[in-house]
1. Quick check on this structure: which one of Lys18, Lys27, Lys13 is open to solvent by 30 Å² or more (accessible area, probe 1.4 Å), farther than 18 Å from Gly215 by Cβ and not in a loop (DSSP other than H, G, I, E, B)?
2. Out of curiosity, is Phe204 assigned to a loop (DSSP other than H, G, I, E, B), near the ligand (Cβ under 10 Å from one of its atoms), open to solvent by less than 10 Å² (accessible area, probe 1.4 Å) and in contact with a Phe, Trp or Tyr (Cβ under 7 Å, 6 or more places away or on another chain)?
3. Looking at Tyr343, Tyr310, Tyr364, Tyr329, which is the one that is touching a Phe, Trp or Tyr at 6+ places or on another chain (Cβ under 8 Å), surrounded by 15 or more Cβ atoms within 10 Å (Cβ to Cβ) and over 27 Å from Glu416 (Cβ atoms)?
4. Inspect the range 444-457 for any residue being aromatic (Phe, Trp, Tyr) and at pLDDT 95 or above and give the result as yes or no.
5. Which ones in the range 341-368 are over 17 Å from Glu124 (Cβ atoms) and either modelled with pLDDT under 95 or small (Gly, Ala, Ser) (or both)?
6. Ser229 - would you say it is open to solvent by 20 Å² or more (accessible area, probe 1.4 Å) and either within 30 Å of Ile311 (Cα to Cα) or in contact with a helix residue (DSSP H, G or I) (Cβ under 7 Å, 6 or more places away or on another chain) (or both)?
7. Helices (runs of 4 or more DSSP H) wholly in the range 391-475 with at least 3 residues that are open to solvent by less than 40 Å² (accessible area, probe 1.4 Å) and touching a helix residue (DSSP H, G or I) at 6+ places or on another chain (Cβ under 8 Å) - which ones?
8. Considering the range 209-230 alone, what residues qualify as being closer than 20 Å to Ala157 by Cα and either assigned to a loop (DSSP other than H, G, I, E, B) or touching a His at 6+ places or on another chain (Cβ under 8 Å) (or both)?
Amino acid sequence: MKKNPLSLKEIQKDLTEKNITCVDLVKNYLENINEQKDLNVFISVFESEALERAAEIDDKINSGNAGKLAGAVISVKDVISVKDKKLTCGSKILSEFETLYNATVIERLLSEDAIIIGKVNCDEFAMGSSNENSFFGPVKNPVDNSRVPGGSSGGSAASVAANMCLLSLGSETGGSIRQPASFCGITGLKATYGRISRFGLVAFASSFDSIGIFGNNNYDIAALLKVISGYDKNDSTSSGISVPDYIKLSEQRFKPEEIKIGFAAEYFEEGLDPDIKNGVLEKIDSLKRRGFQVEEISLPHTKYVIQSYYILTSAEASSNLSRFDGVRYGYRSEHSETMEEMYVNSRSEGFGDEVKRRIMLGTYVLSAGYYDAYYKKAQKVRRLIMNDFENAFGKVDFIISPTTPNTAFRFGEKIEDPLSMYLNDIYTASVNLAGIPAISIPCGKDRNGLPFGIQIMGKKFDESGLLKIWNNISE
Ligand code: GLN
């Protein structure tokens, strides 16, 4: 495997000093992609276009007018629109579908001279925690090929961990960036709901979905975040709050007296792997030894996170996915006599098991007889979970926890048992219910040498704080 410089800062220095070119960088990544095809990371590779673009950006560098992301080679989860390219969502139903426009995040990346190297594999419609639900087959974890990379953004995490690109865009509804980042030993950031435009992201559960970033260090993540954040007239849920100078802030750290850190006992209970528990507690102790105030806080409704998350996201998914009917997008079943049969057959043949499970669960909880008992109740629980965080953030600035209860598991281990798969989101989904930002940073390795992350949750729109505390935690 060929190594490129590890950070965007180093890359940009090498580019301006003419030690390397963007064409060299892209060639190296393409070589890594080709040599590691068995990991099944990419659904489409934009080989010739990435090379052409690299040559154009080299010219811009030579004439001194390159954009802020010159040298950043990026993979994109295949739920985000890149104009004239396939947008499969890891599904048979969209396996041949091509999109007509760029997502806002893609427009913004291109305007700053980033290079998109291809689209990466994921669980079908971003539903899953292992990447085993993709129509294109599972992605293998680059750290241990017999294990899953996590999901649903498994291809994004693997592409960065296997040095097939510098950064990756993924999406989150309940942990799909942080969990695979943790399983693959890299960093993953989920921003505040509304910080990054969702225009061009295929909807799973619209009140939860957000685009986020995978990378090796906080500088690179900050550089990308700065470019893709901010109001977008095409997304009415995007926020107009101004975008800070994340790069500058990512190079700072907190003094112990500046912040208070919390940890919730509810995140360290039964079901947590002892190696992860010790690793995270050791980080907390190290912060305390350096004079940081760490206090216990309570998030009492944590025990209802998984139930309310799956009720609400399945309800939203059942409605969002109704547009895939065999008429407007993608796959249409060939053998139907009537129109109704065509709808039923296209959806039955086009969707995989997990997607069907969620559509059924979602339509059930929204049906007239059960709406109050399930959907409405879960909405109320969501409010209580939000209140838990509001109360906690009245006392502390950040909350530290493990990212996942376990490290990467083997293929097939959980796929037959949806409930045990869903429990993988136990520490991450609350963040999406509350709409707050969180980051998973590499924390250590378990007894088998498998990586795990530490999660830092922050106040709404305090992505800068997460990038700063990254430096304190990684010391
Ligand atoms: N694993 C979770 C689910 O299956 C999270 C998915 C996501 O964040 N997109 O719903």
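The values are calculated or read from the model by the stated rules, or taken from the named source; none is laboratory data. The structure displayed is predicted, hence computed values, not measured ones. Quick reminder, even Gly has a Cβ in these numbers, built from the backbone with ideal geometry, and neighbours come from all protein chains shown. Side chains included, ligands, DNA and RNA excluded: accessible areas come from the protein's heavy atoms. Shrake-Rupley method; radii C 1.70, N 1.55, O 1.52, S 1.80 Å.
1. Only one candidate passes the filter, namely Lys27.
2. In short, yes.
3. Just a single option satisfies the conditions, and that option is Tyr329.
4. For the range 444-457, residues aromatic (Phe, Trp, Tyr) and at pLDDT 95 or above: present.
5. Ser367, Ala368
6. Considered against the rule, which asks whether it is open to solvent by 20 Å² or more (accessible area, probe 1.4 Å) and either within 30 Å of Ile311 (Cα to Cα) or in contact with a helix residue (DSSP H, G or I) (Cβ under 7 Å, 6 or more places away or on another chain) (or both), Ser229 comes out as no.
7. Answer list for the range 391-475: 429-434, 463-474.
8. Asp209, Asn216, Asn217
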